[in-house]
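As structure tokens, the structure follows; a few thoughts come after it.
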Amino acid sequence: MDEHWTGLGLATFGLLALCACADKPVDIGEPNAKVAAAGLAAYAGSWDGYVEAHTWEDGTDRVRLTIDAQGNGTMRLGERELIPPATDPAALYPPQVSPTPSGTGPVSGPFAGFAYPLHNVNLEAERLRLNVSDADLFASYCALQTPCLDEVNGGYVCVPNRAMVGGKDANGNAQCFILDRAPVVGEDLALVPKTKFSCEQVGMCAGGCRCTAAGCTGGSSSTPLDLDGALEDNQQKLTGSLGGVTVHLNRL
């Protein structure tokens, strides 16, 4: 997950927070043109659009954003259906793609079909700025893991941080075994007691989870995807930059 993100994502709905003078009626059927662009409420709502000259890993360019007047919301990329939370601590997650050539590690970069929570939402010079984090993608998976003491570096990890040996079973499927203890110098590793782990779990934990004694969360390394945009066309369009590419969003 070292790669720089280039994308935006999801939409729900939002109603503008309105401010009315005592003797002037307010029409709540349409976005309130009197809300200054400098106020976060002006951006509240559901947005749908696309990024220019770029596609996500599902091959589409769609971006959906939902945000309320307090800055809460989600971003969703691509056309894929929303993926459910992880349920298997030993399997790859998300399950739709083989994230690495070996198929044993976490996907890197923005993933289509996940509702990324919004972070660091603020307004600067009448521009909306926020980001989402790839760490949130792995939160449900990492929560299934049982932390264990890292005997090498201190702290905690998902699987023991000891030497691993691999091979293939009779059907050609990869097998991963972690030694139960550190070997003696010159010792034949084949004679050292070892425990079998899912190769997918080993890869996911190494690249996707951060653990403490209390449990594990997503994001052993986290790369944010930044949005910087401004309102246009009587607050009906939001145009700006998403991870270095141009994004165009329309209010729903």
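The values are calculated or read from the model by the stated rules, or taken from the named source; none is laboratory data. Since the structure is predicted, the reported quantities are computational estimates derived from the model, not experimental observations. Glycine also receives a Cβ, built like all others from the backbone with ideal geometry; neighbour counts cover every protein chain displayed.
What the table shows:
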quantity	calculated
Near pairs, Cβ below 8 angstrom, 6+ apart or cross-chain, from segment 182-206 (touching a residue at least 60 places away in the same chain (Cβ under 8 Å) and among the acidic types (Asp, Glu)) to any residue that is surrounded by 12 or more Cβ atoms within 10 Å (Cβ to Cβ) and part of a loop (DSSP other than H, G, I, E, B)	Glu200/Ala90; Glu200/Ala91; Glu200/Leu92; Glu200/Gly103; Glu200/Thr104
Hey, Ser222 in contact (Cβ under 8 Å) with a residue 12 or more places away in the chain, not in a strand (DSSP E or B) and not β-branched (Val, Ile, Thr) or not	yes
Criterion violated by Gln235 - all others in (1) assigned to a loop (DSSP other than H, G, I, E, B); (2) free of Cβ contacts under 8 Å to residues at least 60 places away in the same chain satisfied	(2)
Whichever residue in segment 62-119 is of a type in the set (S, T, N, Q) and modelled with pLDDT of 95 or more and, among such residues, is surrounded by the fewest Cβ atoms within 10 Å (Cβ to Cβ)	Thr87
Of all residues in segment 204-219 being under 23 Å from Ser108 (Cβ atoms) and part of a strand (DSSP E or B), the one that is farthest from the chain's Cα centre (by Cα)	Cys211
